[in-house]
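Peer 1: Take a look at the following structure, please.
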DNA sequence: TACAAGCACTTAACCGGTTTAGCGTCAAGC
DNA sequence: GCTTGACGCTAAACCGGTTAAGTGCTTGTA
């Protein structure tokens with residue numbers, strides 16, 4: 001029950017494996033008649049070329065890699081990554097490229113992974129997420145001369161191409177919405193400032209709020225539900241509590257909602273809540289959570305497309321995602 | 001900047017690549033002195049064998065595959081799969097095996113994927129999840145003679161080894177808990193009966209509740225938050241509404257909680273809620289959701305271990321997971 | 001002294017593809 | 001009639017490893 005090879009086909013047709021290879025790859029050098037016989041037999045026995053043999057001659061593996069180094073127990077990453085993965089897959093599936101997907105404990109593990117994959121020629125490139133300020137991965141990838149595309153932030157990616165989102169426009173939309181509702185003291189609960197996207201969001205948030213004449217507070221933590229709940233409690237129990245909070249993720253927003261309810265603060269009359277990422281989770285709570293909606297799968301697909309181009313020797317430019325959409329639901333309302 | 005090969009090392013040491021291969025693999029046939037020089041050089045230039053070349057001679061790819069065929073937009077799968085993936089990875093990482101991970105649109109796509117992976121020799125085996133009654137995948141995998149391990153259910157896996165969970169014991173715990181709290185009319189909102197785990201849970205639920213003298217209702221749907229919310233509304237608005245509902249997933253439970261609150265039914269005094277899978281999501285709602293907790297990552301790791309054994313020609317037996325633990329939180333209480 | 005046994009290494013084949021050079025055949029062109 | 005060129009295919013090398021068989025040298029032994 002061995003898998004059929006070129007030689008098997010060659011034997012049955014009565015030619016050499018070289019002829020079979022040419023025929024199957026649409027190269028000139030075989031007559032139409034012979035080509036047809038070869039294709040017929042190949043089809044009949046269900047021939048598929050060995051990926052290993054292909055990889056060996058082509059000098060490329062036909063696979064890309066993606067590593068995430070947040071631990072699996074942190075809630076709140078699943079939504080985003082599943083959608084991103086889904087988008088990447090749809091792009092790669094049509095091109096016979098597979099995706100190696102792994103989780104790492106920390107940045108060092110992740111870098112080790114990259115070096116190993118590259119040295120073993122297991123992947124032709126990687127997609128990098130969660131870029132940090134002074135991210136060591138960028139330097140390593142540049143040094144290895146390894147094709148890589150960054151997803152998320154417009155900054156800090158060195159020479160690597162980027163699929164970036166316009167966080168400033170997003171902040172503008174949210175603050176506009178809240179200001180229209182009469183809010184004057186707003187807060188934001190986000191991720192650590194070491195992540196570029198957090199840092200950029202924080203900067204935009206403070207700046208744009210100031211322009212609109214709103215006072216702000218910002219809390220930064222580990223993206224976990226627990227952190228968001230704690231930060232929410234602190235904000236609500238402070239001297240002058242905010243009347244609206246923007247959370248960096250859907251899970252944090254839902255955790256904040258839970259905490260507000262626990263403290264007897266009604267939403268939205270006592271507190272408006274807005275979530276950065278949208279998901280089904282935002283729709284199923286009571287009240288449903290107002291959220292910034294963007295097409296994460298599309299970003300993943302674009303990143304995969306750029307990486308394919310890069311692995312083929314090209315140099316794709318950066319790509320800016322379309323501005324997100326603000327989906328207004330029950331969790332945001334006029335100051336009560 | 002080519003990656004170093006055996007020949008590069010051989011040239012520098014002054015031997016042939018055969019000697020280098022023997023030395024690096026710890027085979028006899030090279031003197032201790034030569035072996036040491038070879039290892040030193042290999043280490044110095046950071047030699048790693050090409051996975052493609054290895055795969056070609058070894059006749060195996062050094063990779064396993066996992067396909068999920070629920071669409072990415074269905075919320076509620078992320079928790080489970082991220083934990084499962086994480087467990088699989090930890091087991092495989094130490095053995096230089098990688099994981100190909102893909103999403104499919106439906107069972108046919110998934111089967112196509114298996115056939116393609118196997119024909120191209122991209123994977124040495126697969127992990128199968130979400131087994132259905134009369135699942136066509138099992139037959140295909142058996143026919144292909146492709147190593148595969150099933151995660152989830154004790155039934156319907158044909159000749160494939162299984163990592164299974166004892167749903168009956170779990171149901172017993174939940175019903176015992178609810179009966180102790182004085183509940184007499186309970187319901188369950190689960191997945192479609194075409195999935196083995198749903199079917200088995202439904203059977204156990206009805207049977208064990210009957211033994212305990214409780215009346216039951218069961219709703220089956222697509223595992224989505226929207227479905228769970230709708231089913232909850234129907235149950236609560238029925239003639240004789242249940243006083244407790246068991247949901248098949250954390251997301252469904254949270255959706256049910258949201259719906260109850262929307263309808264003005266207070267939890268737990270008006271309705272007790274229990275979730276089958278536990279996650280941070282269950283902790284962050286108000287009230288927090290009572291849940292069955294099990295170690296999904298451990299199950300993933302076990303499945304990976306069994307698959308490694310199987311790919312090596314062994315025949316691992318089935319493995320039963322330890323019984324889950326019932327984590328009682330605020331969403332379940334005495335009948336009010 | 002001769003022969004066998006071991007050791008350390010090389011040669012060469014193999015895995016399953018791709019690719020280049022070369023060879024025989026045939027028809028067109030001068 | 002002879003060259004030229006195109007065509008259709010084969011032979012062989014190559015990718016980067018692994019491995020069985022073979023070779024030359026040293027050592028032990030009858």
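Peer 1: Output the number of the condition that residue A:125 fails; it satisfies all remaining conditions of (1) within 12 Å of chain B (Cβ to nearest Cβ); (2) in contact with a helix residue (DSSP H, G or I) (Cβ under 7 Å, 6 or more places away or on another chain); (3) under 30 Å from residue B:57 (Cβ atoms); (4) surrounded by 22 or more Cβ atoms within 10 Å (Cβ to Cβ).
Peer 2: Against the list (1) within 12 Å of chain B (Cβ to nearest Cβ); (2) in contact with a helix residue (DSSP H, G or I) (Cβ under 7 Å, 6 or more places away or on another chain); (3) under 30 Å from residue B:57 (Cβ atoms); (4) surrounded by 22 or more Cβ atoms within 10 Å (Cβ to Cβ), residue A:125 comes up short only on (1).
Peer 1: When only residues in the range A:267-285 that are within 12 Å of chain B (Cβ to nearest Cβ) and either part of a strand (DSSP E or B) or free of Cβ contacts under 8 Å to residues at least 24 places away in the same chain (or both) count, which is nearest to residue B:283 (Cα to Cα)?
Peer 2: Taking the range A:267-285 as the starting set, the residues that turn out to be within 12 Å of chain B (Cβ to nearest Cβ) are A:267, A:278-285.
Keeping just the survivors that are either part of a strand (DSSP E or B) or free of Cβ contacts under 8 Å to residues at least 24 places away in the same chain (or both) gives A:280, A:284.
Details: A:280: 18, A:284: 16 Å.
So the residue we want is A:284.
Peer 1: Would you mind finding the one in B:69, B:8 that is within 40 Å of the chain's Cα centre (by Cα), more than 11 Å from DNA strand C (Cβ to nearest atom) and more than 9 Å from chain A (Cβ to nearest Cβ)?
Peer 2: B:69
Peer 1: Which residue is nearest to residue A:123 (Cα to Cα), if the candidates are limited to the range A:154-166 and must be touching a residue at least 40 places away in the same chain (Cβ under 8 Å), touching a strand residue (DSSP E or B) at 6+ places or on another chain (Cβ under 6 Å) and part of a loop (DSSP other than H, G, I, E, B)?
Peer 2: The selected residue is A:161.
Peer 1: For the range B:123-153, which residues satisfy the criterion of being farther than 23 Å from residue B:203 by Cβ and in contact (Cβ under 8 Å) with a residue 40 or more places away in the chain?
Peer 2: B:123, B:124, B:125, B:126, B:127, B:147, B:148, B:149
Peer 1: Looking at residue B:249 and the list (1) under 30 Å from residue B:65 (Cβ atoms); (2) without any contact (Cβ under 8 Å) to a residue 12 or more places away in the chain; (3) within 14 Å of chain A (Cβ to nearest Cβ), which single condition is not satisfied?
Peer 2: So the condition that residue B:249 fails would be (2).
Peer 1: Now for a separate question. If the Cβ limit is 7 Å and pairs must be 6+ apart or interchain, which residue in the range A:15-41 that is more than 22 Å from residue A:58 (Cβ to Cβ) pairs with which residue that is more than 10 Å from DNA strand C (Cβ to nearest atom) and part of a helix (DSSP H, G or I)?
Peer 2: Taking only residues 6 or more apart or on different chains, the pairs are A:15/A:34; A:37/A:13; A:41/A:12; A:41/A:13.
Peer 1: Any residue at all in the range A:17-30 that is within 14 Å of chain B (Cβ to nearest Cβ) and within 7 Å of DNA strand C (Cβ to nearest atom)?
Peer 2: yes
Peer 1: Suppose we filter the range A:98-122 for residues that are more than 8 Å from chain B (Cβ to nearest Cβ), touching a helix residue (DSSP H, G or I) at 6+ places or on another chain (Cβ under 8 Å) and over 18 Å from residue B:50 (Cα atoms); how many remain?
Peer 2: 4
Peer 1: Which residue, of B:154, B:147, B:161, is under 19 Å from residue B:318 (Cα atoms) and within 14 Å of another protein chain (Cβ to nearest Cβ)?
Peer 2: Just one listed residue meets the conditions, B:147.
Peer 1: Could you look through the range B:33-46, keep only residues that are more than 8 Å from DNA strand C (Cβ to nearest atom) and touching a helix residue (DSSP H, G or I) at 6+ places or on another chain (Cβ under 6 Å), and pick out the one that is farthest from the other protein chains (Cβ to nearest Cβ)?
Peer 2: For the range B:33-46, the residue satisfying everything is B:37.
Peer 1: On to the next question. Pick from the range B:36-53 the residues that are surrounded by 16 or more Cβ atoms within 10 Å (Cβ to Cβ) and over 15 Å from residue B:7 (Cα atoms): which of them is farthest from DNA strand D (Cβ to nearest atom)?
Peer 2: Top of the filtered list is B:51.
Bear in mind these aren't lab numbers, they're just calculated from the coordinates by the rules spelled out. Computed from a predicted model, the values in this text were never measured in an experiment. Cβ: placed from backbone, ideal geometry, glycine included. Neighbour counts: every protein chain shown.
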